[in-house]
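The next block holds one structure in the form of structure tokens; read it before the comments.
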Amino acid sequence: MSGKTPGVDALEMAETGNPEPGDGELLVRVCHAALNFSDLLMIDEKYQVRPPRPFIPGQEIAGIVEEAPSGVPFSAGDRIASKVLWGGFADYVCARADMAIKVPAGFSLSHAVALPVSYVTALVALDHCARVRPGDTVLVHAAAGGIGLAAVEVAAARGANVIATASAPDRLAVAQAHGASHCINYTQEGWYRQVRDLTEGVGANIIVDPVGGRVGEDSLRCIAVDGCLLVVGFSSGTMPQLAANRLLLKRASAKGVYWNHDTDADLLKQVYADLFDLVSSGKIDPVVDTDRQFDELPAALGDLASRKVTGKMALRISDEGESR
């Protein structure tokens, strides 16, 4: 639980009663709760959503439905993954039925916990913001992170040629194993020249950037004519100052990637259906570290902040077959 003082150091474990579901909400027993950069921002009181303190952080869960109201497509016992506004780092959480994703049979909840944020964001970005096509060259930054690795897999599933960037050889190897055709270390000076060389001077049609800062700025040096830079986030801690002249000369665009259940219901309905198909067909295989236990949350958040996480990191709250 995050107390009245912002910051990871102020986190403490506390006993509370089970939450009471509101209209259209499911009561879910949490098996896994994934970590996101937005958790750090929320705990630091720097996120656009600022719950009243003290509050329970955690915005992405997978678990078992304990209670479901009538009129929703879920029943007690269903296996689901879901985005939640906060409250996920707990034994039980209330999840809006319209945010929940039914997990296909045979797909583990430990893998499914990566779906509601990272994979939904990747699908919104590539299918709806940029409209990726077979044969496109897609450049994905931070390609071993949660959103980056999801974007690599989705782009590859759509038939794109994927160029992945990351900060270390082992992280690049993970991206390559999940669909990247070429890998570049973006800590090297002039990394964008390698993108131009790999594409015979054409550049990338679509660039997925969850990093921002200098990486985002230099991305416009290797964007193709009519290309699209997808602004996904700023894990570097710095927003890029994009050069308008480079956009102009390439007839390129920079587009923000954002989605919201309250305003994008029809869009997300399609995205959820597409995600279910990708999972069922085995075209995506999330990388999730579930070795951390509940009381290791502060240390896990520290690793996330230091960008030591490959794919997703999730707390193991309870086993799928375990009752409480």
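The values are calculated or read from the model by the stated rules, or taken from the named source; none is laboratory data. In this text, all values refer to a predicted model and were calculated from it rather than measured experimentally. Quick reminder, even Gly has a Cβ in these numbers, built from the backbone with ideal geometry, and neighbours come from all protein chains shown. Please note that ligands, DNA and RNA were not included when accessible areas were found on the heavy atoms of the full protein model with its side chains. Shrake-Rupley method; radii C 1.70, N 1.55, O 1.52, S 1.80 Å.
Yes/no matrix, rows are residues, columns are (1) under 13 Å from Val211 (Cα atoms); (2) surrounded by fewer than 22 Cβ atoms within 10 Å (Cβ to Cβ):
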site: Ile147; (1), (2): yes, no
site: Ala155; (1), (2): no, no
site: Thr165; (1), (2): yes, no
site: Ala168; (1), (2): no, yes
ask   = Restricted to region 34-59, and to residues that are buried (at least 17 other Cβ atoms within 10 Å of the Cβ) and β-branched (Val, Ile, Thr), which residue is nearest to the chain's Cα centre (by Cα)?
value = Ile43
remark   = Of the residues in region 73-94, those that are under 18 Å from the mean Cα position of the chain (by Cα) and of a type in the set (Gly, Ala, Ser) come to Ala81, Ser82, Gly87, Gly88
message = Can you confirm whether Thr187 is within 17 Å of Leu230 (Cα to Cα) and not in a helix (DSSP H, G or I)?
response = no
request  = Mind counting the residues in region 12-33 that are touching a residue at least 12 places away in the same chain (Cβ under 8 Å) and open to solvent by 30 Å² or more (accessible area, probe 1.4 Å)?
outcome  = 11
key: Answer from Ser280, Ser306, Ser323, Ser318 - the residue that is within 19 Å of Gly213 (Cα to Cα) and either among the charged types (D, E, K, R) or at pLDDT below 95 (or both)   = Ser306
query = What about Gly87, is it open to solvent by less than 20 Å² (accessible area, probe 1.4 Å), under 23 Å from Thr263 (Cβ atoms) and either assigned to a loop (DSSP other than H, G, I, E, B) or touching an Asp or Glu at 6+ places or on another chain (Cβ under 8 Å) (or both)?
reply = yes
inquiry  = Please count how many residues of region 42-52 are modelled with pLDDT of 90 or more and within 16 Å of Leu11 (Cβ to Cβ).
reply    = 5
ask   = Is it fair to say Arg214 is among the charged types (D, E, K, R), touching a Cys at 6+ places or on another chain (Cβ under 6 Å), part of a helix (DSSP H, G or I) and surrounded by fewer than 23 Cβ atoms within 10 Å (Cβ to Cβ)?
value = no
task = Would you check if Arg221 is basic (Lys, Arg), in a loop (DSSP other than H, G, I, E, B) and open to solvent by 50 Å² or more (accessible area, probe 1.4 Å)?
result = yes
inquiry  = I need a count of the residues in region 237-273 that are open to solvent by less than 60 Å² (accessible area, probe 1.4 Å) and aromatic (Phe, Trp, Tyr).
reply    = 2
inquiry  = Restricting to region 279-303, and then to whatever is assigned to a helix (DSSP H, G or I) and touching an Asp or Glu at 6+ places or on another chain (Cβ under 8 Å), can you tell me which residue is least open to solvent (accessible area, probe 1.4 Å)?
reply    = Leu301
query = Considering only region 100-123, how many residues are out of contact with any Leu (no Cβ under 7 Å at 6 or more places or on another chain) and either open to solvent by less than 10 Å² (accessible area, probe 1.4 Å) or closer than 23 Å to Gly145 by Cα (or both)?
reply = 13
